[in-house]
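Before any comments, here is the structure.
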Amino acid sequence: MRLLLIGAPGAGKGTQAVRVAEHFGLTHISSGDLLRRHIAEETSIGRSVGAAMHRGDLVTDGIVMDVLRKPVEAASRNGGYVLDGFPRTVEQAEVAYLVARDIGASVQVAVFLDVPRPELVHRLLERGRAANRTDDTEDVITRRLRVFEEHTLPLLDYYRQREQLLKIDGARSVDEVTAALVAELEAVRHLLDG
Ligand code: AP5
Ligand code: MG
């Protein structure tokens with residue numbers, strides 16, 4: 001099964017991706033985690049994306065595609081993937097589709113984790129207090145939410161038109177969201193090829 005999770009910052013993409021991957025035997029691939037690893041390891045990619053990520057802006061499409069291409073191809077040959085954080089724009093979705101189609105790696109279901117803004121801000125500020133992520137400050141959270149609304153929300157129409165969109169109420173407990181997600185995916189699993 002090949003899935004992707006769309007959601008605002010703090011919607012629970014990473015949290016749910018781990019659980020869904022475990023349930024269905026898929027590989028979890030997070031664009032943000034991969035980019036943060038490049039920063040931590042001070043690679044040339046890490047140096048070129050640090051400033052944009054620190055501001056809460058998107059990284060350029062070319063870099064994201066470079067970082068994701070191999071893991072997505074490998075996961076597609078090995079049970080499938082849960083992509084978390086990619087694509088983030090309609091342009092990324094279109095390019096990814098063209099690249100993935102010929103190798104049977106294109107996405108089958110796009111899940112939208114729907115969470116109201118006050119809850120998102122609350123979760124991210126909480127995580128910011130634990131100081132795990134340098135982009136969980138009030139200003140950068142505001143910026144990330146704006147970037148999401150402007151650049152990523154249009155993706156919902158893109159996948160809705162392709163009849164691939166599954167909307168999940170993400171404003172419940174972690175366990176409740178996982179249960180809903182797994183139930184919905186179990187229900188459509190037999191319709192998906194490969
Ligand atoms: P990325 O790493 O994708 O961050 P994000 O989209 O801002 O989302 P988060 O990781 O903050 O939230 P999440 O939805 O994963 O929620 P989580 O499970 O952690 O991207 C970071 C940056 O990388 C971008 O700003 C950009 O610069 C760059 N980038 C990445 N991909 C890119 C791309 N494709 N193109 C261009 N640039 C790209 O949960 C959040 C918190 O809430 C946690 O503390 C969690 O414990 C808690 N929580 C989760 N679920 C619940 C629940 N149900 N109830 C209560 N608390 C919950
Ligand atoms: Mg995440």
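Read the figures in this text as sums done on the coordinates, not as results from a lab. Source: prediction; values computed, not measured. Methodologically, a virtual Cβ is constructed for each residue, glycine included, from the backbone with ideal geometry; neighbour enumeration extends over all protein chains shown.
Points worth noting:
- Within the stretch 22-44, the set of residues being buried (at least 16 other Cβ atoms within 10 Å of the Cβ), more than 10 Å from ligand 2 (Cβ to nearest atom) and within 20 Å of Glu73 (Cα to Cα) comprises Phe24, Leu26, Thr27, His28, Ile29, Leu34, Leu35, His38.
Every residue, every condition in (1) touching a residue at least 12 places away in the same chain (Cβ under 8 Å); (2) part of a helix (DSSP H, G or I); (3) over 16 Å from the mean Cα position of the chain (by Cα), yes or no:
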site	(1), (2), (3)
Met65	yes, yes, no
Tyr97	no, yes, no
Leu125	yes, yes, yes
Ala131	no, no, yes
Asp135	yes, no, yes
Val140	yes, yes, yes
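- Flag for Asp61 being within 14 Å of the chain's Cα centre (by Cα), within 19 Å of Glu150 (Cβ to Cβ), surrounded by fewer than 17 Cβ atoms within 10 Å (Cβ to Cβ) and of a type in the set (Asp, Glu): no
- Looking only at the stretch 99-123, residues that are closer than 23 Å to Leu3 by Cα and either part of a loop (DSSP other than H, G, I, E, B) or basic (Lys, Arg) (or both) come to 10 in all.
- Matching residues in the stretch 142-172 - criterion: being among the polar types (S, T, N, Q) and assigned to a loop (DSSP other than H, G, I, E, B): Gln164
- Test: residue in the stretch 47-54 that is within 12 Å of ligand 1 (Cβ to nearest atom), surrounded by 16 or more Cβ atoms within 10 Å (Cβ to Cβ) and among the hydrophobic types (A, V, I, L, M, F, W, C): yes
- Residue match in the stretch 74-88 (condition: assigned to a helix (DSSP H, G or I), within 24 Å of Phe24 (Cα to Cα) and polar (S, T, N, Q)): yes
- Among the residues of the stretch 110-148, those identified as within 14 Å of ligand 2 (Cβ to nearest atom) and polar (S, T, N, Q) are Asn132, Thr134.
- Extreme residue, surrounded by the most Cβ atoms within 10 Å (Cβ to Cβ), among residues of the stretch 4-21 that are near ligand 1 (Cβ under 6 Å from one of its atoms) and not in a loop (DSSP other than H, G, I, E, B): Lys13
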